[in-house]
Amino acid sequence: MTDPAGTFPDVARSLQNARALHDETFTHMDVDEVLDALLDRVRAILRVDTAVVLLTDRQNRSLVATAARGIEEEVSQAVHVPVGAGFAGRVAAERRPVYIEDVADANIFNPLLVKRGLRSLLGVPLIADGTLVGVLHVGTTVPRRFTTDETQFLELAAARAALAVRYQLTRAERAGALELQRSLVPAALPELPGLEMAARYRPGKASVGGDWYDVFPSLRARSAS
């Protein structure tokens, strides 16, 4: 039941495939482009029929299909899979690679995998800084046993995807925090008799907590006094 087309001939090729996930191309893409490019490369290198990334929702209770190749309906239909349910949910819950030799004999939550005629599946978790952010899985329409090298390569791809997703989330969180900080700054300084006011706003950094908003009398007010 092993598909010889899925084996890696030597270590040199494995290293070459790994480098394909770390070139400078990815540094100029947003997260959606990174995921699409990664899935294209994973699908070509592993010679699989489908490749899908599902990301966790805000409550980490379910996985949402975000990017797909070979089974684009998962994204267009916004497939949701509860963590712990079915194949992808099991990968997320156990946080380890999960292999299914025959889809027909497995507990599959998403009917699209069956309708597509997939036979074998391999899934790995997306983990960044110890936090689960999603699942990456690939599938074939013929029975397939994935090698250790192939599993490790898929884990490497998942790590690359997880970093991209985590970076986007961190950037969004920082943007939200900055917008909140700015919203707390007074739109105008108070008017005090005999004084002209100037102000400087600087967010707190490093180990200094909170934000500083300093007010100084203007030079004109000092000269008048």
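Just so it is clear, none of the values below were taken in a lab; they were calculated from the coordinates. The structure displayed is predicted, hence computed values, not measured ones. Cβ: placed from backbone, ideal geometry, glycine included. Neighbour counts: every protein chain shown.
Please order T148, T131, T140 by the number of other Cβ within 10 Å, starting at the fewest. Please list the in-between numbers first.
On the way: T148 9, T131 13, T140 23.
The fewest-first ordering by Cβ neighbours comes to T148, T131, T140.
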Could you run the Karplus curve 6.51 cos²θ - 1.76 cosθ + 1.60 with θ = phi - 60° over the range 75-91 and give me ³J(HN,Hα) per residue in whole Hz, x for Gly and Pro? 7, 4, 8, 6, 4, 10, 10, x, 4, x, 9, x, 6, 4, x, 5, 4
Applying the Karplus parametrisation 6.51 cos²θ - 1.76 cosθ + 1.60 with θ = phi - 60° to the phi angles of the range 113-124, what ³J(HN,Hα) value in whole Hz is obtained for each residue in order, glycine and proline being reported as x? 5, 6, 4, 6, x, 6, 10, 10, 9, 9, x, 9
Intensity falloff of the range 40-116 expressed as log10 I(q)/I(0), Debye formula with alpha-carbon point scatterers, at q = 0.21 Å⁻¹: -1.03
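As a footprinting exposure proxy, order D49, D32, D105 by other Cβ within 10 Å, with the fewest listed first.
Arranged by neighbour count, lowest to highest, D49, D32, D105 become D105, D32, D49.
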From the phi angles alone, apply the Karplus equation (6.51, -1.76, 1.60; θ = phi - 60°) to the range 48-53 and give each ³J(HN,Hα) in whole Hz, x where the residue is Gly or Pro. 10, 8, 9, 8, 9, 10
Show the residues, 5+ positions off or on another chain, whose built amide H is closer than 5 Å to the amide H of A128. V133
Long-range amide H partners of A85 with built H, under 5 Å: R90
